[in-house]
Amino acid sequence: MKHKFVPVFAAFWVVFSQLASGQISPEARAVIDAYNEATGGIEAKKAIRTLIHTGEWELKEQGIKGPMTVYYKHPGTVATVTEIPEVGTIRACITDGVAWEDNSITGFRNLEGTELQQATKDACLFPETKLEELYSKAVLNETRSDGLQPVLLIDKDGLEETWYFDPMTHYLTEIERVLDAGVRGSYRIKVKVGEYLPAGNVTIPHYSETSTPAFTMVTRFEKTEINTGIPDYIFKKPEVE
């Protein structure tokens, strides 16, 4: 049961094919450019220096839910605070290339290896605006039977993921990857995203449903604050012996 409360950092990897070295195809770029345009544009996204999501998470099969807050601070700092009723709190953070988790169930631990690589990339609030910085390869794959357009991406560490886009709205609707959970092992996950709502000058998904072999977790954010102050203690690493 312990692994069911691991917070999922917004990103996830699955292998589909091999690509030529250093290639971001024009077709893949066009699909992602359309997504950027449909959600406010690159300049509007770059103008966001802080973002706070407040909402709720739920494990659907178990009927367990609780509050969750996600804090983003430019550049590349993210903290999540997840409350588990009658159990405790999970705090997780990545800043300055260091990532950690303070879990009332399993205790404190630093993230290393692939976990750290994934968390570092996921700390980017709008990865679609930084293709060359984050990814070495991207290609548009064959349209899925339901009409979604899949873009396969390989990051600088060789980790692979696929983003699925709706050709009508140009919104990102699904992500597939393999999540490395450290000592808890690795497993394939699928994330469905939706409920795109305005937040300042951009449009951001406020709903996600993460499916793994062990559980399905839903998050829904009810409030989004942009470019407001975030106290430094939110990102402070706890002192552990």
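The values are calculated or read from the model by the stated rules, or taken from the named source; none is laboratory data. Note that the structure is a prediction, hence the values are computed from the model and not measured. Glycine gets a Cβ as well: all are built from the backbone with ideal geometry, and neighbour counts include every protein chain shown. SASA here: full protein model, heavy atoms, side chains in, ligands and nucleic acids out. Shrake-Rupley method; radii C 1.70, N 1.55, O 1.52, S 1.80 Å.
Annotations
- Pairs where the first residue, in the range 195-213, is touching a residue at least 40 places away in the same chain (Cβ under 8 Å) and on the phi > 0 side of the Ramachandran plot and the second is open to solvent by less than 20 Å² (accessible area, probe 1.4 Å) and in a strand (DSSP E or B), C-beta under 7 Å, 6+ apart: none
- Residue satisfying all of: in the range 150-200; out of contact with any strand residue (DSSP E or B) (no Cβ under 7 Å at 6 or more places or on another chain) and among the β-branched types (Val, Ile, Thr); least open to solvent (accessible area, probe 1.4 Å) among these: THR169
- Of all residues in the range 56-81 being of a type in the set (Lys, Arg) and over 11 Å from ILE230 (Cβ atoms), the one that is modelled with the highest pLDDT: LYS65
- Entry remark, the range 95-125: residues being in contact with a strand residue (DSSP E or B) (Cβ under 6 Å, 6 or more places away or on another chain), assigned to a strand (DSSP E or B) and without any contact (Cβ under 8 Å) to a residue 40 or more places away in the chain number 1 in total.
- Selected residue (only one of THR143, THR224 is outside any loop (DSSP other than H, G, I, E, B) and at pLDDT 95 or above): THR224
- Residue check, ALA99 touching a Leu at 6+ places or on another chain (Cβ under 7 Å), farther than 28 Å from ILE24 by Cα and either of a type in the set (S, T, N, Q) or open to solvent by less than 50 Å² (accessible area, probe 1.4 Å) (or both): yes
- Qualifying residue in the range 112-131 (condition: under 17 Å from the mean Cα position of the chain (by Cα), surrounded by fewer than 16 Cβ atoms within 10 Å (Cβ to Cβ), at pLDDT below 95 and not aromatic (Phe, Trp, Tyr)): yes
- Index of the failed condition, GLY147 passing every other in (1) closer than 26 Å to ILE24 by Cα; (2) among the small types (Gly, Ala, Ser); (3) open to solvent by less than 20 Å² (accessible area, probe 1.4 Å): (3)
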